[in-house]
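Below is one structure, written out as structure tokens; comments come after it.
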Amino acid sequence: MKHLVLIGFMASGKSTLAKLLSTSLNLPIFSSDEWIVKQSQMSIAKIFALCGEGGFRDWEMRACEEISSLKERHIIDCGGGFVLKNDVQRLGRVYYLKASLEEIKQRLLQQDQREIRPLANSIENLYFQREEIYTLKACKIIEECNQTQALRAIIEDWKKNS
Ligand code: S3P
């Protein structure tokens, strides 16, 4: 099954874009974060507090198995660290939604994110480590564009390559 897979740093706009893509392409969304919260019956912050980052990454591996067993094509909205332990390329066509560090910082400042995103305090270090991984794993990098342009670029590529 070839899914449309969105990867990228936290607050890069993956979930918003997933919704727009879902409407335009008429495909359902699978959000790894939402699946984990539902299955574990815990918030992400609680999983980090009780089981550490490693425990959360294990949940992401379970989410990846679940995605592999889906019978219908989906838009896969991956949590920012989903790429660390999972072979996302195996899941479908991977789009890296790239936003600048400044942009990410601005978005994370807009509300207190610690409750929602336990790693939001370490963005500076994480950004540069992750950027390399996202770039390596992407089939296509979507960068420096607004939501409408990003949507158009992904749809155009998806129609050619799906
Ligand atoms: C994380 C990103 C979050 C969430 C968790 C860990 C990360 O998802 O999975 O807080 O390691 O970058 P979003 O990218 O949807 O914020």
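The values are calculated or read from the model by the stated rules, or taken from the named source; none is laboratory data. The model shown is predicted, which means the values in this text are computed figures rather than measured ones. A quick note on method: Cβ atoms are made from the backbone with ideal geometry, for glycine too, and the neighbour counts reach across all protein chains shown. Accessible surface is based on the protein model in full, side chains and every heavy atom, while ligands, DNA and RNA are left aside. Shrake-Rupley method; radii C 1.70, N 1.55, O 1.52, S 1.80 Å.
With every protein chain present, what is the per residue accessible area of the range 18-162 (1.4 Å probe, Å²)?
Numbers: 8250 Å² over 145 residues.
Per-residue accessible area for the range 18-162 comes out at 57 Å².
Below 8 Å, C-alpha to C-alpha, sequence gap of six or more: please give me the relative contact order for the range 25-92 in percent. Taking the mean separation of contacting Cα pairs over the length of the range 25-92, I get 47 percent.
Run through the DSSP bridge list for the chain and note the antiparallel percent, rounded to the nearest 5.
Numbers: 0 of 15 bridges.
Percentage antiparallel, nearest 5: 0.
Quick check for me: using +1 on Lys/Arg Cβ and -1 on Asp/Glu Cβ, what's the dipole size of the chain about its Cα centre, in debye to the nearest 20? It works out to roughly 460 debye. For the range 57-145, the relative contact order is 40 percent, taking Cα pairs closer than 8 Å that sit 6 or more residues apart in sequence and dividing their mean separation by the residue count.
On the chain, 47 percent of the accessible area sits on carbon and sulfur atoms, based on a 1.4 Å probe. Over the chain, DSSP H runs of length four or greater, each weighted -39,500 (n - 2.57), average out per residue to a 222 nm ellipticity of -17000 deg cm²/dmol.
Between N125 and M61, 0.36 nm times their residue separation minus their Cα-Cα distance comes to what?
Numbers: separation 64, 0.36 × 64 = 23.04 nm, distance 2.33 nm.
Full extension of this stretch gives 20.7 nm more.
So what is the relative contact order of the chain, in percent, for Cα pairs below 8 Å that sit 6 or more residues apart?
Numbers: 227 pairs, mean separation 58.6, N = 162.
Reported relative contact order: 36 percent.
For L50 and S22 in one chain, what is 0.36 nm times their gap in residues minus the Cα-Cα distance, to one decimal in nm? Walk me through the numbers before you get to the answer.
Working: separation 28, 0.36 × 28 = 10.08 nm, distance 3.34 nm.
Length difference between fully extended and current span is 6.7 nm.
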